[in-house]
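J.: Pasting a structure here, questions to come.
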Amino acid sequence: MKIFQTSSGFSAEINDKATEDWRLYDAVSDTQSENAGKRLLGVRQICILMLGQSGYDALKKHIAAPDGSISVQDMEREILEIFGALGESSKN
């Protein structure tokens, strides 16, 4: 596990072995689907594989607006930062 902090201040452990898990590649493939629902499920699965369910829930809470809504742009930014960190840890 690797501890990572995004530019927004979200800190979590990242499962650095996720890059060795075929489910991650399935999820990434799902994000390329023409079916919008399948794309969203792929993104969710990527987050859960990288952060675990509790980390994913903590991320949603971290970026949620006061009314509870979660900006797609904010989630996308966080995911890209985390995914980049995961890629960096697999190179080490």
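All of the numbers you see were taken from the coordinates with simple rules; none came from a lab. Note that the structure is a prediction, hence the values are computed from the model and not measured. For neighbour counting, all protein chains shown are included, and Cβ atoms are generated from backbone atoms with ideal geometry for every residue, glycine included.
J.: By how many nm would the segment from GLN32 to ASP57 lengthen if fully extended, with 0.36 nm per residue of separation less the alpha-carbon distance?
T.: 6.6 nm
J.: Which residue fluctuates the most in the chain, going by a Gaussian network model with Cα springs under 10 Å, if the choices are SER69, SER29, SER11?
T.: SER69
J.: Among ILE46, ILE70, ILE79, whose mean-square fluctuation peaks in a Gaussian network model of the chain (Cα, cutoff 10 Å)?
T.: Residue with maximal mean-square fluctuation among ILE46, ILE70, ILE79: ILE70.
J.: Using helices alone, I'd like the mean residue ellipticity at 222 nm for the chain: each DSSP H run of four-plus residues gives -39500 (n - 2.57), total over residue count, nearest 500. Show your work: numbers first, answer last.
T.: Details: 3 runs with 57 residues, N = 92.
Rounded to the nearest 500, the figure is -21000 deg cm²/dmol.
J.: For the range 2-91, state the average projected area of the convex hull of the C-alpha atoms over all orientations, rounded to one decimal in nm².
T.: Approximately 5.7 nm², given one-decimal rounding.
J.: Output the DSSP H helices from the chain with an along-axis C-alpha extent of no less than 18 Å and a mean Kyte-Doolittle hydropathy no less than 0.0.
T.: 36-63
J.: Please list the non-local residues whose amide H lies under 5 Å from the amide H of ILE14, H modeled 1.01 Å from N, same-chain partners needing a gap of 5 or more.
T.: Amide H neighbours of ILE14, under 5 Å, 5+ apart: LYS2, ILE3, PHE4.
J.: Just give me a number: lysine pairs in the chain, eight or more positions apart or cross-chain, with C-alpha atoms less than 21 Å apart.
T.: Here the count comes out as 6.
J.: To make sure I understand, if each residue's beta carbon is the centre and we count other beta carbons within 10 Å, what order do ASP26, ASP67, ASP74 fall in, fewest to most? Display every interim value, and only then the final one.
T.: Numbers: ASP26 13, ASP67 5, ASP74 17.
Taking fewest neighbouring Cβ atoms as first place, the list is ASP67, ASP26, ASP74.
J.: Let me ask something else about it. Hey, fewest Cβ within 10 Å first, where do LEU80, LEU59, LEU41 land in order?
T.: Starting with the residue having the fewest Cβ neighbours, the order is LEU80, LEU41, LEU59.
J.: Gaussian network model of the chain, Cα springs within a sub-10 Å range: biggest mean-square fluctuation belongs to which of LEU51, LEU24, LEU40?
T.: Comparing LEU51, LEU24, LEU40 in the GNM, the peak value goes to LEU40.
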